[in-house]
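Visitor: Shown below is the structure under consideration.
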Amino acid sequence: MGSRFGGIFWSLLFLAVPVLGVATFAVAPAYDIWLPKDVSEHGGAIDGLFLFILALTGVVFIATEMLLFWFLWKYDAAKATGRATYIHGSHTLEVVWTIIPAATLLFLAIYQMNTWADVKMRRPAMAPTVEVVARQFEWRLRYPGRDGMLGTTDDLFLTNDLHLPVDEDVLIQLKSMDVLHSFFLPNLRIKQDAVPGMKIPVWFKAKETGQFDIVCAELCGWGHYKMKGRVTIESREDFDRWLEKTYAAQEATQPVPEDVAVSPE
Amino acid sequence: MSIASTVSPGTAATLPPARKPRPVSEFLSTYVFSKDHKVIGLQFLFSTLLWFLIGGLLALAVRWQVAWPWSDVPVLGKLFAQEGGQMSPEFYTMLFTMHATVMIFLVIIPILAGAFGNFLIPLMIGADDMAFPTLNMLSYWFMWPAFLAFGASFFVEGGAASGGWTSYPPLSTNTASSPGSGMGQTLWLLGLTMVGVSSMLGSVNYMTTIILMRAPGMTMFRLPMTIWGMFITAVLQAFALPVLTAAGFMQLSDRMLGTGFFSPEGNIVNNAIAGAGGGQPLLWQHLFWFYSHPAVYIMILPAMGMVSDILTTFARKPLFGYRPMVYSIAGIAGLGFIVWGHHMFMSGMNPALGITFMVSTMMIALPSAVKTFNWLGTVWGGRIQFTTAMLFALSFVSMFIIGGLSGIFMAATPVDIFIHDTYFIVAHFHYVLFAGTAMGVWAAIYFWFPKMFGRTMNEFWGKAHFFLTFIFLNGTFFTMHILGAVGFPRRLADAYHYETFHHLQPLNAFMTWCAIGMVATQVIFAANFFWSMFFGPVAGRNPWNSNTLEWTAPSPPGHGNFDFQPVVHRGPYEYSVPGVEKDHLMQTDPPNAAAAAAAALAH
């Protein structure tokens, strides 16, 4: 490659980085390769923060990559005449590009805090709606029975088929029997590791009905990929009807084994 | 003593040894159990490049399964002869565990500190060797038990470790929980410990050498950025490694002696009560990341340093903001010790602690930003020579911008709820470690190859290697961002049976084709490397007209490095000094050279 042509070619290659980078993000939603549908009350805030950071970092990305391209284009040794500028830096510039990013980053951190607190710290004062116990490679569910209390003999046991009421706060008590797992509900913008020996509360309010995936997001062994569950969000009436029906079915088959029913939480 | 001899000028003047017939034992002590830092550096280089190939092939096998789950694997399928050529899910978990393990512990860390640290530190500070040559030799030979442990683990019952490179207990401590948690995991822990011993020996040596053995006139603030990167890396290793070593022994003890540091009471794995209990799985995560987060910087700071030196050479311009560059490396290292919790936002750690770690993590983006702006400042107003080394160094800057910015998403705790453990993070760390560090390493190979072997690599094939690698790496890794935006989880042998992810197979197939192209491209590199070693054009002492001390030594330097005592008169980045005839002033050029040149011009 001739030296003159070389500089032009390589500069344009570096220009392709921001161009194709932005194009990828612009085209992806058209192919549905984007944030999946959100049906939770808090999810809008998370998606909003994602898009806000995307816009902010996008501007920095485009600006810095364009500068890099422009400098390569303009200061190509084969094109530019004379010598390089003899300069060791600029105190003013250093101060500017330290203080502005520092303030921006600090603002970003503070700006996140309220949403984080909503999702992970401001737990609603209520009894658990359901206990989810992860194990290799399934989600074991335990609903309080007719007495409304978890850990009593009339609890309802299910696997992988989580039902929850819409438009209500739900509180899940998350546990693990064996190794680490992670309770990931992509459409509800919920993720929480399940840790053996810990009881971790998870709460949210779904705002739409429908059926969605439960995914395990923490490596838990060879069957990690198939640790799949489904969550059904339904109206209070449907939820109560389902609960009653399932409860009757469990009573009809066999009583709950004693040791499981009274196992310590 | 080598320390005394370098500090007093004159006595260290070493002449190339006279040629005479050598017995076998001398051959062994010169080229195999050598105490010469350059030979040790090259030993590290060749070993790590070989493991780089293995790690790359493991990655291809991972990509194969992600793109076309349960289809017959070419070559590898026959090699492991499982289920008629398709891979089992436990084999897949082993593949990504060992891909990461090999790349991190046997490639990136030893290639930066072991290969380039060893080769460059004495040369760039003007010393005849390291402070402790025997320790230095041991640091290489302690890698071999690690190579053997990791290598052998592929062939033991149950296969190599498959608990992820992070080895989170109880999956990794409980032998019943996964096939790879048997012998494979024990060998993994032993290998890790040996890598730690090697790094520790190296780190002590680097710190001592850089502090005590600099040539006359080489003050700390005249050190090239490469040396600053290596120095701070050595400090990080010295302070962080003991924690990992201790944690590794605790995990070994959980596995072999029946202790329960990381397992809680009443844990039931595979329908059996497991272990003594009384421990906490999160304890391992804290200890592991207390090392492994600083290790992320161990894996990039030396590359940042080398890239700074290469950029200045081929921009023919002083480094923009030398001191801010040094301070920001130190800042990254300092802050690097208080951000480990950002790996644990979803772990069950107290969410209030998550807020603290979010703030410290956001702030560590600051020194990285300062470095990026200064690199741009360095290129601005330069006279850019598009050599292969320069292209790789420029791509380091361009790609590090992406890897740095995507880190902000994960630092933001609420956003991390969604993207944690998805391909978004896979994109992020591959942009830092592959598109960043590996590209920096290639820049360094093309740049210092003449000093290592006395010949230059072929530029045309170098540029072809750069161009294809650059295209394919972005095809492979940039698309991972949008995959992560869907929430596509990492480490799943097959995600397409989920409603959320079923439509992502074509994109994954595209990425795998790019990955295959990327690995295939390295054939060009390997051919160029070995051909140039023997047949490349002979390089003089200073083929790039660079300023630092290694370019004053012969190429390749003999034992003892310099054939004169280097005395340093200025910083390493005096390019295009006005009034000086040549466009660079080497660190050793006498102080009156500028005046003399100006006078000569006046005549």
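The values are calculated or read from the model by the stated rules, or taken from the named source; none is laboratory data. As the structure is a prediction and not an experimental result, all values here were calculated from the model. Note: ideal-geometry Cβ built from the backbone for every residue, glycine included; neighbour counts use all protein chains shown.
Visitor: Could you please find all residues in region A:57-84 being at pLDDT 95 or above and more than 8 Å from every other protein chain (Cβ to nearest Cβ)?
Guide: Matches in region A:57-84: A:Gly58, A:Val59, A:Ile62, A:Ala63, A:Met66, A:Phe69, A:Trp70, A:Trp73, A:Lys74.
Visitor: Sticking with this one: Answer yes or no as to whether A:Gly2 is surrounded by 18 or more Cβ atoms within 10 Å (Cβ to Cβ) and modelled with pLDDT under 95.
Guide: So A:Gly2 does not fit the description; no.
Residue by residue, here is whether (1) farther than 30 Å from B:Asn350 by Cα; (2) of a type in the set (S, T, N, Q); (3) without any contact (Cβ under 8 Å) to a residue 12 or more places away in the chain; (4) out of contact with any strand residue (DSSP E or B) (no Cβ under 7 Å at 6 or more places or on another chain) holds:
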{"position": "A:Phe50", "(1), (2), (3), (4)": "no, no, no, yes"}
{"position": "A:Leu68", "(1), (2), (3), (4)": "yes, no, no, yes"}
{"position": "A:Leu93", "(1), (2), (3), (4)": "yes, no, yes, yes"}
{"position": "A:Gln112", "(1), (2), (3), (4)": "no, yes, no, yes"}
{"position": "A:Ala117", "(1), (2), (3), (4)": "no, no, yes, yes"}
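Visitor: Quick check on my filter: what residues within region B:211-243 are farther than 22 Å from B:Leu311 by Cβ and either part of a helix (DSSP H, G or I) or within 19 Å of the chain's Cα centre (by Cα) (or both)?
Guide: B:Ile211, B:Leu212, B:Ala234, B:Val235, B:Leu236, B:Gln237, B:Ala238, B:Phe239, B:Ala240, B:Leu241, B:Pro242, B:Val243
Visitor: Another question, then. Within region A:29-48, identify whether any single residue is more than 8 Å from every other protein chain (Cβ to nearest Cβ), of a type in the set (Val, Ile, Thr) and free of Cβ contacts under 8 Å to residues at least 40 places away in the same chain, and answer yes or no.
Guide: No, there is no match, as no residue in region A:29-48 is more than 8 Å from every other protein chain (Cβ to nearest Cβ), of a type in the set (Val, Ile, Thr) and free of Cβ contacts under 8 Å to residues at least 40 places away in the same chain.
Visitor: Looking at B:Lys451, B:Lys463, which one is more than 9 Å from every other protein chain (Cβ to nearest Cβ), under 30 Å from B:Thr313 (Cβ atoms) and in contact (Cβ under 8 Å) with a residue 24 or more places away in the chain?
Guide: Exactly one residue qualifies, and that residue is B:Lys451.
Visitor: Does B:Gly321 count as crowded, with 24+ Cβ neighbours inside 10 Å, at positive phi, in contact with a Ser or Thr (Cβ under 8 Å, 6 or more places away or on another chain) and within 11 Å of chain A (Cβ to nearest Cβ)?
Guide: Spelling it out, B:Gly321 is indeed crowded, with 24+ Cβ neighbours inside 10 Å, at positive phi, in contact with a Ser or Thr (Cβ under 8 Å, 6 or more places away or on another chain) and within 11 Å of chain A (Cβ to nearest Cβ).
Visitor: Hey, another quick one. When both residues are 6+ apart or on different chains and their Cβ atoms are under 9 Å apart, which pairs have a first residue that lies in region B:327-338 and is within 15 Å of B:Gly407 (Cβ to Cβ), and a second that is β-branched (Val, Ile, Thr) and outside any helix (DSSP H, G or I)?
Guide: B:Ile332/B:Ile300
Visitor: Would it be correct to say that A:Gly89 is more than 14 Å from chain B (Cβ to nearest Cβ) and not charged (D, E, K, R)?
Guide: So A:Gly89 does not fit the description; no.
Visitor: Among what's in region B:562-594 and is over 26 Å from B:Pro122 (Cα atoms) and of a type in the set (Gly, Ala, Ser), pick the residue that is nearest to the chain's Cα centre (by Cα).
Guide: B:Ser576
Visitor: On to the next question. Which is surrounded by 24 or more Cβ atoms within 10 Å (Cβ to Cβ), under 17 Å from A:Ile62 (Cβ atoms), more than 7 Å from chain A (Cβ to nearest Cβ) and not basic (Lys, Arg), of B:Phe400, B:Phe392, B:Phe396?
Guide: Answer to the selection: B:Phe400.
Visitor: Working only within region A:121-138, note down all residues that are within 17 Å of A:Asn160 (Cβ to Cβ), of a type in the set (D, E, K, R) and either within 14 Å of chain B (Cβ to nearest Cβ) or surrounded by fewer than 12 Cβ atoms within 10 Å (Cβ to Cβ) (or both).
Guide: A:Arg135, A:Glu138
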